[in-house]
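Reviewing the structure listed below.
Please treat every number below as a calculation from the coordinates, not as lab data. Quick caveat: nothing in here was measured; it's all calculated off a predicted structure. We place every Cβ from the backbone using ideal geometry, glycine too, and count neighbours over all the protein chains shown.
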Amino acid sequence: MLANIPHLGPLLSTWRGRLIALVVVSQLLLPLHYYFGRRDPHDERFAWRMFSPMRMAQCSPEVRIDGKRFELSSEFHEAWLETARRGRFRVLEQMTARLCKKNPSSEVVLRLSCQYLGQKQPVVYGGFNMCLSDEI
Amino acid sequence: MAKKKRPQRSKPRPARAAARNEADLPTARVVNAPQAPAPAPAFWFGFEVSWAKLLVARVVIFGILALDAVLQVRHAPRYGASDFNVANLGFLDSMGPGRVAYGGCQLAIAALLTFAVFGVATRYVLPVATVLYAWLYFGSQLDSYQHHYLVALVLAIACFVPWQRPSRDRDSGREMTAPSTPVRSWALRLLLVELGIMYLWAAISKLDTVWLDGTTLSTQIVGGLRSMIEGTVGFAVVSVMVIVIELTLAFTVWLRPAWKIAAPLGLLFHLGIVATGFEIGLFAYVMLALYILVIPDRIWRGAAEISAVEMLGKATRAITDSRGQIMLGLLAVVGVPLVVFNRLPHARTLGFLVIGIAVVAMTIAQIKKRRGGAVPAAALAVLMLWTVVDRSTTVAIDYYRFWGGSQRRIGDRDQAERAYRGMLEIEPTSEIANFYLGRILLADGRDPEGLERLHDAQHDEPRRARAFVEEARWLATQGKRLEAIAKAKDAVFADPSDAEAKAFFDSLQGGGKQPNRPKPDDDL
């Protein structure tokens, strides 16, 4: 059916044309995932959101193991902490997953507080035992 | 329907095949007048740029990307630290690059892209560079720069561009390629469309009240540009202007008749980003380099006719078209010392590998009686690039400093010691390396060498108190109170403003409790 569409038919009849179509369509559609399908608003990867307001969000991750505050810097590289301070859920989830593995039968609670531009009150995520839940 | 169209596409093939035979260059397509009709759709398959433009784009784009790759080496120590990784693509979580792989791959990418600058085997070096670059980017979320995502896409598309000089007549040796020779490439059109899509989404992402009222931009821009904006139109107006510019570029950058608008607008826009001083590495320059493709062809054709440029072109061709023995000799004489002189991690091993590859490629070229002068010239350029970057920047020192700092903080003393010893090899008078190595050695019970390192640190920066304080602490733990007081006094003399030194000196004199050692975070 696509082959009958003017311009598109000839385009899709060669491997080069199909590659062009794949790149163009995927690049046009992929950023939609951020707006309609992504659970983490801080994760702006592949969405071409350079210098966006969300990029200016400042998050403070706090981890407690069995009620005691845990210093993430003692376990993870500073560069990962920087990513965590941007509120990247998946990074924080992997961090807590590692801590759960290292501390079996312990309670690892993650509380992520994020301050956004234009908002007076911070938004808080998590606050529960991450060893019982994979996602924030 | 699709099958019926195939005969039309096959029309230009005999001419192309003949041209390939003449050129003996499989990656090049000679486009002689009259041109064979472009296969449909002509929007993609009929897109042409002049050879002059393509050559400038090749040299500048890959040159900047090669430089950027070497500069990235300083970030290698963050990769693989504590065996923790979260990839940009989930399935790569456990296959992300480590410190050694990241550093080595960035140098390899720089080498491959330098070969591309010289037009050497672009059909092979670009895909390899693309795979390495994609692995480094998609393999870890440590690289969160969206422009590195763009570079990965640009490199992937660039693999399909015929970057090498179209041809010269094999029998007569007559140059068949003029600056105005059109080169047809659908991949170049795709590259520009990709830029257009990026601008479109970038504009859409800014349709947000905190962008539109200028709040976001006002938190990002500092310095002179901030004062200028505040003193003129204000951040709200500039924020709206950014969206208008990005939308305009989204619909003009890939459309040849609109290049008159896109070229000046895009160049000014990205020059403006350079002026903001955003910490985005060389990205603004990469974008400016991509605009070489948007600047109308006649400008590049005109530039090629300037006598100085013509002379430069002839000189370059004389090197690249030669059999290459002279360049190979030069590579041996200059290249080997450059490799030995280089301090970047893994550069010596990779440097000799580059020389080896050049020698093998030259040998093959000699056997096949082909011109091969570009290969040793490119190899020499690789070694020069690495060494110039090493000696004119702090990349090598930063590499060891970041490595030592991160390992020290997460408690891996062995790795930290290796890092600081590596740092001292390239910078023996580093106070940072001597100080932290001294601390590690003292904590490990290797007192004589630890003290020696602290003395070196005191000598390296006599106005900095911490190495004196550290020695005073050690003396105090050994029960040598009077010597500790004397050393603490030296610390206060070294830097009277150092609160820790003063507090420690006071505590020793007063016989009170010694203050806790602060956590130094100033030397990442």
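Using only alpha-carbon positions in the stretch A:32-91, the gyration tensor eigenvalues give semi-axes of 26, 12, 9 Å once each is multiplied by 5 and square-rooted (largest first). Each principal axis of the Cα cloud of chain A was taken in turn, and the coordinate range along them, longest first, works out to 66, 37, 24 Å.
Return the calculated 222 nm mean residue ellipticity for the protein assembly as shown, to the nearest 500 deg cm²/dmol, obtained by summing -39500 (n - 2.57) across DSSP H runs with n ≥ 4 and dividing by the residue count. Mind showing how you got there, number by number?
Working: 32 runs with 392 residues, N = 660.
Taking each H run of at least 4 residues, the total per residue is -18500 deg cm²/dmol.
The phi-based Karplus calculation (6.51 cos²θ - 1.76 cosθ + 1.60; θ = phi - 60°) puts the 3J(HN,Hα) values of the stretch B:494-500 at 4, 9, x, 8, 7, 5, 5 Hz, whole numbers, x for Gly and Pro. Of the Cα atoms belonging to the stretch B:53-189, the radius of gyration and Dmax stand at 17.3, 62 Å. Stokes-Einstein diffusion for the stretch A:58-119, with the hydrodynamic radius set to the Kirkwood value over Cα pairs and evaluated at 25 °C in a medium of 0.890 mPa s, equals 205 µm²/s.
Exposed loop positions in chain A were taken to be GluC sites (Glu not before Pro) whose DSSP state is not H, G, I, E or B and which have at most 16 other beta-carbon atoms within 10 angstrom. Between these positions, the longest stretch is A:1-70. In plain terms, the C-alpha convex hull of the stretch B:240-369 casts an average shadow of 12.5 nm² when viewed from every direction. Could you tell me how many degrees, from 0 to 90 and to the nearest 10, lie between the Cα long axis of helix B:307-320 and the main elongation axis, the longest principal axis, of the Cα atoms of chain B? Roughly 80 degrees, rounded to the nearest 10. The longest part of chain B holding none of the exposed loop trypsin sites (Lys or Arg not before Pro), meaning those outside H, G, I, E and B in DSSP with at most 16 other Cβ atoms within 10 Å, is B:1-169.
Ranked by how many other Cβ atoms sit within 10 Å of their own Cβ, fewest first, the residues A:95, B:95 fall in the order B:95, A:95. The distance separating the Cα centre of the stretch B:276-298 from that of the stretch B:337-393 comes to 28 Å. Rounded to the nearest whole Hz, the Karplus-based 3J(HN,Hα) values (6.51 cos²θ - 1.76 cosθ + 1.60, θ = phi - 60°) of the stretch B:91-106 follow the sequence 5, 9, 3, 8, 10, x, x, x, 4, 5, 5, 5, x, x, 5, 5, with x at glycine and proline. How many percent of all Cα-Cα pairs in the stretch B:431-505 sit more than 14 Å apart? Everything past 14 Å amounts to 53 percent. Averaged over peptide B:201-211, the number of partner chain Cβ atoms lying within 10 Å of each residue's Cβ comes to 6. Using 19 Å as the Cα-Cα cut-off, could you pick out the over-long pairs in A:68/A:101; B:206/B:260; B:314/B:368; B:53/B:260? Over 19 Å Cα-Cα: B:206/B:260; B:314/B:368. Both radii were evaluated on the Cα set of chain B; the Rg over Rh quotient, with Rh as the Kirkwood radius, amounts to 1.07.
For residue A:113, the residues 5 or more places off, or on other chains, whose built amide H falls under 5 Å of its own are A:60, A:62, A:125. Between the helical axis of B:13-23 and the longest alpha-carbon principal axis of chain B there is an angle of about 60 degrees.
The distance linking the stretch A:81-136 with the stretch B:196-228 is 29 Å (Cα centroid to Cα centroid, whole angstrom). Shape class of the stretch B:34-100 from the alpha-carbon gyration tensor: oblate, with a/c at 1.5 or above and b/c at least as large as a/b.
Computed across the stretch B:168-287, the Kirkwood radius stands at 16.7 Å (inverse of mean 1/r, all Cα pairs).
Between A:113, A:60, A:13, the Gaussian network model of chain A with springs among Cα atoms under 10 angstrom shows the greatest mean-square fluctuation at A:13.
Just round it to a whole percent: the fraction of Cα-Cα distances in the protein assembly as shown exceeding 32 Å. In whole percent, the share of Cα-Cα pairs in the protein assembly as shown beyond 32 Å is 61. Our coupling estimate for the stretch B:264-274, obtained by passing each phi through the Karplus curve with A = 6.51, B = -1.76, C = 1.60 and θ = phi - 60°, is x, 5, x, 4, 5, 4, 6, 5, x, 5, 4 Hz, Gly and Pro reported as x.
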